[in-house]
Every structure is written in C-alpha cells, then in structure tokens.
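Data first, discussion second: the structure below is written as structure tokens.
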C-alpha cells in the first residue's frame, strides 16, 4: 500500500497545512503546521525584509509549504512512544527542539513569516 499523502519534489515534500502556533526563539520563528497526517515545527530565520507580493502567515489559516523535514523520530522501532523523545538541532548557535508530536522542518518558500509567491 503506497502513501500518496507526501507528494515528492526535488527538495522534500509539499503540503497544505494549517498554522496552529507561531512562536519565536532568539533569531528564529517557530511555526507549528499540521495537515491530516503531518505535524511540523517549521524553523524560519527572522528577517526584516519580505518577499515582493509575499503573504504573511497568520495563526489559524492554511498555506502551501515546500518542506524539508529535519527530524524523524519514527525511525527507532525500539522506543515505545517515539513522540515523547525530544530531538534537537542547532541553527547557527540556537538549539531548537521538537515539540510533542511535531517534527522539525524548514520551508523553502518561507522568508521570516512571509511565504514567497509562486
């Protein structure tokens, strides 16, 4: 049985997801995004510039993302509930960790809190 849920493209996956939380840590935004089958915490570097005709993310709205998944805690079958294990990564000198069921990711079409136009 194949999973048509994650559409492949050359750099990762594409999804239309709902923004459920926007937070920040030092020089990064942490944007929690969910769809029917995926929960991502997208890490986006803060920026004073915005893309021409870009769309600013707002909590509660759905957007199209081109995502590169950074963590995948489901690959360890010896762990009972892998979602309880935090996975942390460094972005420059800032340590950012997974949040509950959310995997860390970046989005190629995101600059700060603005989606780049297609």
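The values are calculated or read from the model by the stated rules, or taken from the named source; none is laboratory data. Since the structure is predicted, the reported quantities are computational estimates derived from the model, not experimental observations. All Cβ positions, even for glycine, are placed from backbone atoms using ideal geometry, and neighbour counts span all protein chains on display.
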Inset, instruction - List every residue pair whose Cβ atoms sit under 6 Å apart, with the two residues 6 or more apart in sequence or on different chains, where the first one lies in the range 49-65 and is within 21 Å of residue 38 (Cβ to Cβ) and the second, anywhere, is at pLDDT 95 or above and not in a strand (DSSP E or B). - result: 57/113
Legend entry - Answer from 10, 3, 14, 26 - the residue that is at pLDDT 85 or above and over 15 Å from the mean Cα position of the chain (by Cα): 26
